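The next block holds one structure in the form of structure tokens; read it before the comments.
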Amino acid sequence: MPSAKKYLLVAKTTLADEMAYPSRFFFSFYSDGVVLIIMYFLWRSLYAGQAEVKGLTLGSIITYYAVVFAARKLTFAKSLYRRLSGHVKRGTLVTFLLKPIDFNSYYIVSYLTKRIYQAIIVIGLIAFLTAGLHIFDAPHNLHLFVVSILLASLLNFHIYLTFGLVAFWITDSWGFVSIVGRFINILAGAVIPLAFFPNWVTNINTYLPFRHMVSTPASIYTGIFATYTAQKQILEQVTWLIIIFVLNRLLWRVALKRFDAVGN
Amino acid sequence: MKKYLTIYKSLSITRLMQLAEYRANFLMINLASLGYNIVTLVFIEVLLDNFGNIAGWSRGEVIVLYGVGQATFYLYGMFIGALNDLSEDIRLANLDMLLLKPVNAIFMISLRRFELVTMTPVVVVSVAITIYGLNILGISLVKVLPLYIFGVIAGTLIMAGAKLVIGLGAFWLGDTHGIGRFYRHVSEKFYFPMDVYPEIVGFVFKTIIPIAALSYFPSQIILGRQPIIAAVYLVAGVLFFFLLSYVMWTKGVKRYASASS
């Protein structure tokens, strides 16, 4: 079967699976939506009597969280390490290795299909809340945001897939990866905008890729980054994506040499 | 009573034997919870560094609020976490195993999973966070210990009552697992004072979705902020949810049917 047709089939199967269980997506959407509402009231309370803090207005903070919410739907890749470590632990990875399809490529097609499906719903909602109800600020540099969010999505995928490789060395690694994942969330700016952190944290963060997973696209959208800075950040995203991709491929080769499976 | 204590002891020993087989799982659960606590404390500290207070609650008070909420949440998981599976058991007709035993079914449903060993480290961490917050305020935990125990236990019982009501709703609705997960998800993330919210939203979180019972009202008692109103709310909440769940159980079990399980 030609390559493109193989992966198209993967995309179709993934989409069918997503649409067969819409409640899974809507449950996470609904419960994350409530958290977004909690954040809205919290920040409204914090900003009472203040127009601006650390250069950010209440409107830009609320829009930032809305974009983070949408970005997480579009870039969520944490379950990847769980799925990969599950395959390694149970030995079911061997079924993938025997198939005429590259494991990483299979997962990236499946992942992007799910993200695009969810993106259509999330973008529609954000557009309505922005243009229709004027709840959020209008986007800045929308074209740069689109490029940045796509890169962030791919970066999330490769970072969490790399984490999943820990399973080849530590069988029960989910707790370790979970704690690391929480710290990544902070450094990605998903918990609180990076502008609020002390300088020493932001200085360390400039040497790490995590802020490009969420904070960079959110900051482009809300206008925190001016056009020139946004373009520079996008170049950094591309650089980090290449580095993580190469690292992932190298580790994958080393990891496969350790893999054992009996039966299946 | 002796019969129930003996049964609970047997269930606990069985669970301990399972944990001994999967020690790594125990470590992972606690690592994940520790990570969550650290991240949340970082978030709270960064907010307070920049804004000084949250809706008039000072740094120490917010940390106490968070610590109390976590203690309630994990205490529930320690003893009554099995209620999370109730709606699935009803939907998949797995209740037979529990209904046919010569003990109270609600006892079996609620207490069949004993997580004392798994959850003790996270409960200890939650108590440590509360002590840290009280230290900032110059209050010793020993001084407020009876209020702390009352608040946390009442909050835990209200959470258990609410989860029981949600689970029993499956007798009529078929599947309430999503509602239960939603409640647990929001409860875990609810660590800000109720004063942050407009009145109508606050009313919802105090009554319909009883999240305020987990941290806000117990903290009000411990910190001496409207303690009488908070205590009355907690006692009324416990009575209300357990009465409602008793009524739902007696009516709901008559609707239950299964083709063996």
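The values are calculated or read from the model by the stated rules, or taken from the named source; none is laboratory data. Remember, predicted model here, so these are calculated numbers, not experimental data. Counting neighbours? That spans all protein chains shown, and the Cβs are built from the backbone with ideal geometry, glycine included. Surface areas here come from the heavy atoms of the whole protein model, side chains and all, with no ligands, DNA or RNA. Shrake-Rupley method; radii C 1.70, N 1.55, O 1.52, S 1.80 Å.
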Buried solvent-accessible surface, both chains (A, B), 1.4 Å probe, Å² to nearest 100:
2900
Run through segment B:1-84 and list the chymotrypsin sites (Phe, Trp or Tyr not before Pro) located in a DSSP loop whose Cβ has at most 14 other Cβ atoms within 10 Å.
B:TYR22
Within a Cβ distance under 12 Å of A:LEU155, other residues only, what is the Lys/Arg minus Asp/Glu net charge?
0
Peptide B:99-106 - average C-beta neighbours from other chains (10 Å radius)
0
Over the protein assembly as shown, the sum of -39500 (n - 2.57) across DSSP H runs of at least four, divided by residue number and rounded to 500 deg cm²/dmol, gives at 222 nm -24500 deg cm²/dmol
Accessible-area order for B:MET119, B:MET97, largest to smallest, probe 1.4 angstrom, reads B:MET97, B:MET119
Order these peptides, B:124-135, B:98-109, by their mean beta-carbon neighbour count within 10 angstrom, highest first.
B:124-135, B:98-109
Highest mean packing first, using Cβ neighbours within 10 angstrom, the peptides B:10-18, B:210-218 sort as B:210-218, B:10-18
Between segment A:217-253 and segment B:1-20, what's the alpha-carbon centroid distance in Å?
53
To the nearest 10 degrees, how steeply does helix B:227-252 sit against the main Cα axis of chain B, on a 0 to 90 scale?
20
On the accessible surface of chain B, probed at 1.4 Å with all protein chains in place, carbon and sulfur together account for a percent value of 68
Can you figure out the FRET efficiency of B:THR6 with A:VAL34, using R₀ = 41 Å and their beta-carbon distance, to the nearest 0.05?
0.45
Mean per-residue count of partner chain Cβ within 10 Å for B:28-35 equals 6
From other protein chains only, count the Cβ atoms within 10 Å of every residue's Cβ in A:193-201, then give the mean.
2
Just reorder B:THR6, B:THR207, B:THR40 by solvent-accessible area, largest first, 1.4 Å probe, all chains present.
B:THR6, B:THR207, B:THR40
Amide N of segment A:96-119 lying under 14 Å from the label point, which is placed 7 angstrom from the Cα of A:LEU9 along Cα→Cβ
A:99-102, A:106
With all protein chains present, calculate the accessible area of B:ASP49 using a 1.4 Å probe and round the result to the nearest 10 Å².
120
Peptides ranked, highest mean first, by Cβ atoms within 10 Å: ranges B:168-177, A:217-226:
A:217-226, B:168-177
Using Cα pairs under 8 angstrom and six or more residues apart, how large is the relative contact order of segment A:135-264, in percent?
44
C-alpha center-to-center spacing [segment B:176-197, segment B:148-170] in angstrom:
13
Take A:MET213, B:MET1 and sort them by solvent-accessible surface of the protein heavy atoms, 1.4 Å probe, largest at the top.
B:MET1, A:MET213
